[in-house]
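The next block holds one structure in the form of structure tokens; read it before the comments.
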Amino acid sequence: MPSPFAKSPSLSPVRWGIPDAVLVWIIGFFAALAGLLLMIAVASTTGKVPASGIPRDFEIPNLLMGITSQNLAIIGALAAIARVKGRGSLRLDFGFAIRVRDIGWIAIGVLISVTAGLVLLPITELANLKGSSQEVVKQFERAQGLEIPLFIIGVVVLAPIAEELLFRGILLRSFMRRTSAGWAVMISALVFALVHVAGDPGTYYYLPAFMALGLVSGYRAVRTGSLSQSISLHIGFNLLASLLIISG
């Protein structure tokens, strides 16, 4: 079997590339913003918006709507790009697949999360002492009732699918057409980590963990030509954090 880190052959015939990956991310960002604005409009029509801002009982629904809108928009935009500029499907263009035999990789994703958490524990404790923590975590710790399963679906299922399609699908494959697979994996993993930290600066100390997930997921995507194992890894990585947030 040829090395996955050798110079990658062209993935033509496709016309999508790095600019399309950036466009998809932008679409996801504005979709999340539109979802939040919709929830604010709903809150205002119910007369539950005080002068000081959005009421606390709307904070979690706002986040759920933002997460769902963003990820669905990313998946939809990639599907459109595949039809217009590619081979016509998320599977053929970006390697989308979910296979039962790859479910075991969820455990490896949990292991990556646990290992990263232990290694970064001193930095995490220092950051928390300074009052720095994820704003999303702070709000979802108050989740209850139907909000909990919706949170699990959004963060543990929908987000891994959308993010793997974006970062290990179109972005990684776009880089592979310009450089070796090894460099493509490293660059896409770095972009993945930086985007997560930029989205929530309070997670700056978790940058190495995001990078580790990106490297392993990218490597498996290159080795298999599919996102099945990468999605399972991502699900496992998010699953542990989600359970800790809810139980906290």
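Numerical summary
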| quantity | calculated |
| --- | --- |
| Counted residues, the range 209-235 - those being among the small types (Gly, Ala, Ser) and crowded, with 23+ Cβ neighbours inside 10 Å | 6 |
| Of all residues in the range 60-75 being more than 14 Å from the chain's Cα centre (by Cα) and either open to solvent by 40 Å² or more (accessible area, probe 1.4 Å) or touching a residue at least 60 places away in the same chain (Cβ under 8 Å) (or both), the one that is nearest to ALA34 (Cα to Cα) | MET65 |
| Checking ASN238 against (1) open to solvent by 30 Å² or more (accessible area, probe 1.4 Å); (2) assigned to a helix (DSSP H, G or I), the condition it does not meet | (1) |
| Test result for VAL222, modelled with pLDDT under 95, of a type in the set (Val, Ile, Thr) and in a helix (DSSP H, G or I) | no |
| Residue match in the range 30-51 (condition: surrounded by 17 or more Cβ atoms within 10 Å (Cβ to Cβ) and either of a type in the set (Lys, Arg) or at pLDDT 95 or above (or both)) | yes |
| Filter pass, VAL14 being out of contact with any Ser or Thr (no Cβ under 7 Å at 6 or more places or on another chain) and either open to solvent by less than 30 Å² (accessible area, probe 1.4 Å) or at pLDDT below 75 (or both) | yes |
| Exclusive hit being buried (at least 21 other Cβ atoms within 10 Å of the Cβ) and more than 17 Å from VAL22 (Cβ to Cβ), set ALA162, ALA181 | ALA181 |
| From ALA193, ALA181, ALA221, residue being touching a Ser or Thr at 6+ places or on another chain (Cβ under 8 Å) and either without any contact (Cβ under 8 Å) to a residue 12 or more places away in the chain or over 19 Å from TRP105 (Cα atoms) (or both) | ALA181 |
| All positions within the range 82-122 that are polar (S, T, N, Q), surrounded by fewer than 19 Cβ atoms within 10 Å (Cβ to Cβ) and either closer than 15 Å to ALA212 by Cα or at pLDDT below 95 (or both) | THR115 |
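Here's the yes/no breakdown for (1) closer than 22 Å to ALA82 by Cα; (2) free of Cβ contacts under 8 Å to residues at least 40 places away in the same chain:
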{"position": "ARG177", "(1), (2)": "yes, no"}
{"position": "SER188", "(1), (2)": "yes, yes"}
{"position": "THR203", "(1), (2)": "no, no"}
{"position": "GLN229", "(1), (2)": "yes, no"}
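The values are calculated or read from the model by the stated rules, or taken from the named source; none is laboratory data. Predicted model, so just to flag it, every value in this text is computed and none were measured. Please note: Cβ atoms are built from the backbone with ideal geometry, for glycine as well, and neighbour counts cover all protein chains shown. Keep in mind that these areas ignore ligands, DNA and RNA; they rest on the heavy atoms of the full protein, side chains included. Shrake-Rupley method; radii C 1.70, N 1.55, O 1.52, S 1.80 Å.
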